[in-house]
């Protein structure tokens, strides 16, 4: 015979992210005087496992931060946090950072995006699928995730998942993260009725499928053409 029992507690965690911030040359850092016409898209970039630690210079090794270092002026706000040593990307922690920045900076809340490579690709999948109602599009590179998150998504998130634009990239010869990791995530979304999800496979690429991706202007054009008019950012007008 069983006895019915209930356990209840509250768990709190301290979140601390060091991050790099790059604003378009014409952007104002304040929100008080920013008009809707002067609000900017925001792209969150998540680095890979090799860039973890306390030295923010590591974050500039790959991806959009590397391009900014070389003089690229992106037409969006770029946020590049650094994951602490021996940790992985934490979706609730990253969302807390984004909520802080959406209110602090002149961000267009309908045009928020996330992209990342390797461990950051996993983080991109996790963040996008956990909070699909916040993002207009996601670009995961050589990552993967839990397809079951899509299959068992709450009814309140299903429509947001179906309207989330996804463009994934992977190298066919990746010895670190198998191509099947991206394939099964893309298939799970298609099975759920996602309306715009695509996977680009580089036939000869190994793990580094990010350099060619992030140097392709079409990736940014595709990302920035998407909006989420009903984006649910607490406290935004």
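Classify the chain as rounded, prolate or oblate from the Cα gyration tensor: take a ≥ b ≥ c as the square roots of its eigenvalues, call it rounded if a/c is under 1.5, otherwise prolate when a/b beats b/c and oblate if not. It is rounded, given that a/c, with a ≥ b ≥ c, falls under 1.5. With a simple spin-label model that places each label point 7 Å from the Cα along the Cα-to-Cβ direction, the separation between residue 187 and residue 173 comes to 2.4 nm.
Of the peptides 60-68, 13-21, 173-181, the order by per-residue mean of other Cβ atoms within 10 Å, starting with the highest, comes out as 60-68, 173-181, 13-21.
Label reach from residue 196 (point 7 Å along Cα→C-beta): in segment 80-114, amide nitrogens under 15 Å belong to 110-114. Rounded to the nearest 500, the helix-only mean residue ellipticity at 222 nm of the chain stands at -8500 deg cm²/dmol, with each DSSP H run of n ≥ 4 adding -39,500 (n - 2.57). Please check which bits of segment 66-104 a label hung off residue 55 would reach, taking the label as a point 7 Å along Cα-to-C-beta and the cut-off as backbone N under 16 Å. The answer is 82-86.
All of the numbers you see were taken from the coordinates with simple rules; none came from a lab. Keep in mind that what you see is a predicted model, and the values were worked out from it rather than measured. Glycine also receives a Cβ, built like all others from the backbone with ideal geometry; neighbour counts cover every protein chain displayed.
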